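Structure first, then comments.
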Amino acid sequence: MTYVYFPGCSLTSTGRGYHESLQEVCRALEVPIQELEDWNCCGATSYMAVDESKAFALSARNLALAERLGNGSTQMMVPCAACYLGLNKAQHYLQEFPAIRGKVDKALAAAGLAYSGRVQIRHPLDIFIKDIGRDKIAARVAKPLAGLKVACYYGCQLVRPYAEFDDQHNPTTMETIMTVLGAEVIDWPLKTRCCGGSLTGTIEDVGLRLSYIILTEAQKRGADLVATACPLCQFNLECYQGKMNGRFGLNGKVPVAYFTQLMGLAFGLSNKSLGLNRLFVPLPERRAVAAGGGAHVRG
Amino acid sequence: MSAVNASPNGTPKVGVYVCHCGINIAGVIDVTKVVEFAKTLPNVTVAQEYKFMCSDPGQELIQKDLKDGKIDRVVVASCSPLMHEPTFRRAMAACGGNPFLFQMANIREHVSWVNKEKGSATEKAKALVAAAVRRVVFHKPLQKTQVPVNSDVLIVGGGISGIHAALTMADAGRKVYLVEREPTIGGHMAKFDKTFPTLDCSACILTPKMSQVRAHPNITLWTYSEVAEIEGYVGNFKARVRRKPKYVDEGLCVGCLECIEACIFKKGKFKDEFNVGLSLRKPIYVPFPQATPLVAVIDPETCAFFRTGKCKQTCAEVCERKAIDFNQKEEIKEINVGAIILATGFKTFDASRIARYGYGKYPTVYTSLEVERLVNAAGPTGGEVLLPNGQKPKAVGIVHCVGSRDEKTNRYCSRVCCMYSLKLAHLIHERTGAEVYNFYIDMRTPGKGYEEFYDRLMKENVHFIRGRVAEVSDWAMTPEEEGKLVIRAEDTLVGAVRRIPVDMVVLSVGLEPQPDADEVRRRFNISCSTEGWFLERHPKLAPVSTFTDGIFLAGACQGPKDIPDCVAQAGAAAAEALAMIDRGHVELEPNTAFVTEEFCSGCKTCVPLCPYSAISFDTSKNKAVVNGALCKGCGTCVAACPSGALQQNLFTDEEIFNEIEGVVKYV
Amino acid sequence: MEKWQGWDKIQYEAGLDPHFGTKIASIPGGDKLLACIQCGTCSGVCPLSPYMDYTPRQIVAMIRAGFKAEVLSSYTTWLCASCYSCTVECPKEIKITDVMYAVKRMAIQEGVYPKRFPTPVLASEFFHSVEKTGRSTESWLLVRMYLKTNPFKMLKQAMLGFNLWRRGRMGVGVESIKRKDELHRLFTAMENETRAERRAGQEVRP
Ligand code: SF4
Ligand code: SF4
């Protein structure tokens, strides 16, 4: 079955490494994906703040386009947590509130579209664990991430309030994947705490503080790097480290990579194809890692 | 059959009485219009309205018309028959009328409380009155039957409620069977160190009652036992009680505990249920030193002999009285009783269901029940509040409302947690000198001396933070927080979020129905509330009765309750049971099924359907026979009978059809 | 020290909007708002509450009580990062995040959000750019936001922008979908629906 791939705006810019590595990993795992043709922005958190009905309309267009592709059972792969939430929210509200449904249906019709509610919105973590399975992932591992201590970070919107594929309070899907890749995972309490979202761009002090709290805790627990599943989380945690350094005294640098990049690495794919060259903070040296730690590059 | 024939003395004379129920009915329904309408109905000789028909003057209206011969049948249009049908029937009987020539039209619950529009409400009330009038004409002058009552009582559950009810009944000279599932009576109260708000020692007030139970000539105590089956009806229940083997003869064992000493396990190795897992016991054990009866029990799940068949059986060797019997078998006891009191208690909320509070993850997060054992002088630490590392905590957080007042767990307030949290705060503070923080949503202290106790705690410098705890976790933001558990909550009275580092967290878990409450309720044929608590007959006026006559409720099986309330309710249940027994007989409602033999084809469809086994089959006549004393009037057989031979008093076809026609024709 | 403001702390009934609570509660599933027990779980779990002028719990209380002016002009809602912690943990299942959104919408509609505060400006800019092109272009969005709020900040961010551009993580062009007309028809129809609702005298949700 082909998954309809919905990249979202971030994956075309700040999150390009996610886009590239996800495609590579899907190829390696023989997961057929097809990008949703002429997809539009999910609306993110900002749209909801201005016009609720239009926010639902935005998502409804994407869902309608996706439904048109698959014959009745479209599986939509949505890697960005904000898009995942936005689409899921629209899906839930269309189901729960007939008034919204009625309005959206009429508007879709005016644009020559229709949506019957049959698209399933799924995150790659969900697809990799539930559909592909750990055995298939394990079979593909060529260069295990032995000795690498990973703090798996889910952020907020991926698990709250709609994710059904994992536990809201203590999700473990990413940990399962990392363990299959041969990495060691740390147990920490902040894996679903908010990174600050778009506040890093607006009210910087506050946004940075939130990201800083997460990074220091990962450091304290001995993580070599943080694995993320959301472009905004990755951007916040990685690209502002210089500022966190100055403002809150963040200790050194912490690599922050997409979980898909780590999968690709363990599959033996090239750094470039995984977009690793786009990282601000380079990952720990491969050889050092294979030798079982000790000489990790920590910036 | 014509209506005229159904009347005892010629043409039926129906009196219709429409009640205002204050403004409950009259506020929505035009009562006068209903009365005027009733006057136009066939057979109605009197129609009146009155403010409160259930009051004495209201009843006297009916009685006067009956005595004056103006009426011989009565329709009261008022509330639900649940409460006042007996009232009006009694009123009729008191002046020589037959109480079954009576019908109620429920124009309150069915009309005024659920309709806002006056016009249509009045029309609906008229329709219901018309139906009742048509129906009552076909009522027959039935008679109640009387059956004698067995004066023995079964009490299920040996916590404080069951104990108190048992002693009350036994002191009144009744023979009591007290059945308890655990090896000892005492229930939750036996686990507590102190009781609020007086702080008197739980053991000191409970153990004397436990030994009274043991010694009372009128009480048969069966511990380690469960009621397996119940048959019969009020006054004449038959119960089968399953007695699990303790592998120790209760008659021989004197509780010297030599056997426990001698067990091949030199130290305790298995989770001690009584100490909620905070200590270890051997396969042969007594739950606690004051256990009643003080008889050792062998747990076959952990005993080496039962598991492997190989053991020197040192316990049996050392017992001089030869009380240990590895061949003991389960026993079934059959008893006959007139009344049953259920006092099966509660369970505490499983704190691991709330992940944010870290129970099961952080070893220094405890439930309140665990802490009750820690502060208990007879508990695993001898009453010292010690952390797993053997140290005393310097700061302790008590989290209220765990599993209560939450749509995702239990919506209700568990009623006892505020007060026991205060008690634990006091005891922990007293034993350790620690700073104690109480996190509460609302402080609920409605009871004698309760608010005063809260006052006292505040003066003892215990901290009170009004805010539901958001999270218990181990990530530190400040050096002081390192290595501690941090409780995060909004101090809502200040309007700021606070992070408080502590060494120990106490989760004040709420109360829940027993896990098998639903099974038990089915076995005893009573109802449960949506939360699973046993349902009382009326929340205000029949709080210890159930919808099944002869079965009463005591204690927390009916809803969360503290000790004083449990004892009060147990006393009330005992009194109600005594009143019922002392009457010497019970009257059975005549709404039973009966067979019209000429129609019965002997197909036996009905026999297996009856849930109360009230139908037998007379093979000589080839006809079904209903035992009126067993029939509960559920109507199952009546609906199933293919030849219409089964009919039910007060629900005969003509009564029901006329009632329906009354509504339909009017509308 | 800031100006002492103690004298205007008292709130007269005349200064409140008695319909504010029900208006906010009219959002889908919003009726539960009225069942708030003021337990503070929302504030406690909220990662942003330490930076808010009113905690989420206080906002809920103020909404119920009709403190419309204070709520609409407060910074709280604009600090909400929509992390949904409160929504998930509220014991009364109040969708607090959605309540925050409703407040934001009303504040924008009535033009009473804190001026020159970056979050509402970003939200509006985002809204307009997506309305036009169907996609958001992060670089241009930020530029426009800084111009409207604090142009100097933009200079400070230039370095980050450059670094992103160097790694191919930020383009200079504007992203857009192909069938913009389709989207516009969708939006116009949506607007007409809303107008029709209003004409039909229906309570229009914030
Ligand atoms: S968590 Fe819910 S009930 Fe508690 S204060 Fe917040 S909104 Fe009210
Ligand atoms: S959704 Fe907003 S208000 Fe709620 S916890 Fe997250 S940041 Fe706070």
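Can you show me the helix-derived [θ] at 222 nm for the protein assembly as shown, built from DSSP H runs with n ≥ 4 at -39,500 (n - 2.57) apiece and divided by the number of residues, rounded to the nearest 500.
My calculation for the protein assembly as shown gives -10500 deg cm²/dmol from helical runs alone.
When the chain is fully extended, how far beyond the present Cα-Cα distance does B:GLU531 get from B:ALA93, taking 0.36 nm per residue of separation? Write down the numbers at each step before the final one.
Values: separation 438, 0.36 × 438 = 157.68 nm, distance 3.97 nm.
Length difference between fully extended and current span is 153.7 nm.
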Estimated inter-spin distance, B:LEU609 and C:GLU191, nm [label 7 Å along Cα→Cβ]
6.8
If the cut-off is a Cα-Cα distance under 14 Å, which aspartates and glutamates reach C:LYS180, setting aside same-chain residues fewer than 8 apart in sequence?
A:GLU37, A:ASP38, C:GLU131
Under 30 Å, Cα to Cα: Lys pairs in segment B:531-667, sequence gap 8 or more or different chains
7
Can you tell me the dipole magnitude for segment B:31-135 around its Cα centre, using point charges on the Cβ only (Lys, Arg +1; Asp, Glu -1), in Debye to the nearest 20?
180
Which whole-Hz couplings ³J(HN,Hα) result when phi for each residue of segment B:108-114 is put into the Karplus expression 6.51 cos²θ - 1.76 cosθ + 1.60, θ = phi - 60°, listed in order with x for Gly and Pro?
9, 4, 8, 10, 5, 7, 10
FRET efficiency, 1/(1 + (r/R0)^6) with R0 60 Å, evaluated for C:ARG116 and B:ASP56 via beta carbons
0.20
Work out the length of the dipole vector of the protein assembly as shown about its Cα centre, built from +1 on the beta-carbon of each Lys and Arg and -1 on the beta-carbon of each Asp and Glu, and round it to the nearest 20 debye.
2560
Tally the DSSP beta bridges in chain B and give the antiparallel ones as a percent, rounded to 5.
50
With the dipole of chain B defined by +1 on each Lys or Arg Cβ and -1 on each Asp or Glu Cβ, the option from B:TYR224, B:VAL626, B:PHE196 whose Cα lies farthest towards the positive pole is B:VAL626
Three-way shape call for segment A:1-83 based on the alpha-carbon gyration tensor, with the a/c threshold at 1.5
oblate
State whether segment B:348-512 is rounded, prolate or oblate according to the following rule on the C-alpha gyration tensor (a ≥ b ≥ c being the square roots of its eigenvalues): a/c under 1.5 gives rounded; otherwise a/b larger than b/c gives prolate, and the remaining case gives oblate.
rounded
B:ASN622 versus B:LYS267: modelled label distance in nm, points set 7 Å from Cα along the beta carbon direction:
7.9
Using a cut-off of under 18 Å, list every residue of segment A:55-83 whose amide N is near the label point 7 Å from the Cα of C:LYS148 along the Cα-to-beta-carbon line.
A:55
In chain C, which cysteines lack any other cysteine Cβ under 4.7 Å from their own?
C:CYS36, C:CYS39, C:CYS46, C:CYS80, C:CYS90
Can you put A:GLU37, B:GLU471, A:GLU204 in order, fewest other beta carbons within 10 Å first?
A:GLU37, A:GLU204, B:GLU471
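For A:ASN271 and A:ASP135, calculate 0.36 nm times their separation in residues minus their Cα-Cα distance, and state this gained length in nm to one decimal.
Taking A:ASN271 through A:ASP135 to full extension adds about 46.6 nm, to one decimal.
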Sequence-distant or interchain residues sharing an amide H contact under 5 Å with B:ASN438, placed H: which?
B:ILE398, B:HIS463, B:PHE464, B:ILE465
Label zone at B:GLU597, where the point sits 7 Å out along the Cα-to-Cβ direction: segment B:637-666 residues whose backbone N lies under 16 Å:
B:645-647
Cα Rg, Dmax, the protein assembly as shown, angstrom units
36.8, 110
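Can you pull a Stokes-Einstein diffusion coefficient for chain A at 4 °C (1.567 mPa s), Rh from Kirkwood over Cα pairs, as a whole number of µm²/s?
Numbers: Rh = 19.6 Å.
Answer, rounded: 66 µm²/s.
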Give me the one-decimal nm value for the distance between modelled label points at A:ASP38 and B:PHE326, 7 Å along each residue's Cα-to-Cβ direction.
8.4
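For an R0 of 35 angstrom, estimate the FRET efficiency from the Cβ-Cβ distance between B:ASP442 and B:ASN389 and round to the nearest 0.05. Walk me through the numbers on the way to the answer.
On the way: r = 35 Å, r/R0 = 1.00.
The computed FRET efficiency comes out at 0.50.
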If you put +1 on each Lys and Arg Cβ and -1 on each Asp and Glu Cβ, how big is the dipole of segment B:86-181 around its Cα centre, in Debye rounded to 20?
520
Rounded, prolate or oblate (a/c below 1.5 giving rounded, otherwise prolate when a/b exceeds b/c) for segment B:3-142 by Cα gyration tensor
prolate
Consider a paramagnetic label point 7 Å from the Cα of B:LEU257 along Cα→Cβ; state which residues of segment B:293-335 have an amide N under 13 Å from it.
B:294-297
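Coordinate-derived values only; no laboratory data. This structure is a prediction, so every number in the text was calculated from the model and none was measured. Glycine gets a Cβ as well: all are built from the backbone with ideal geometry, and neighbour counts include every protein chain shown.
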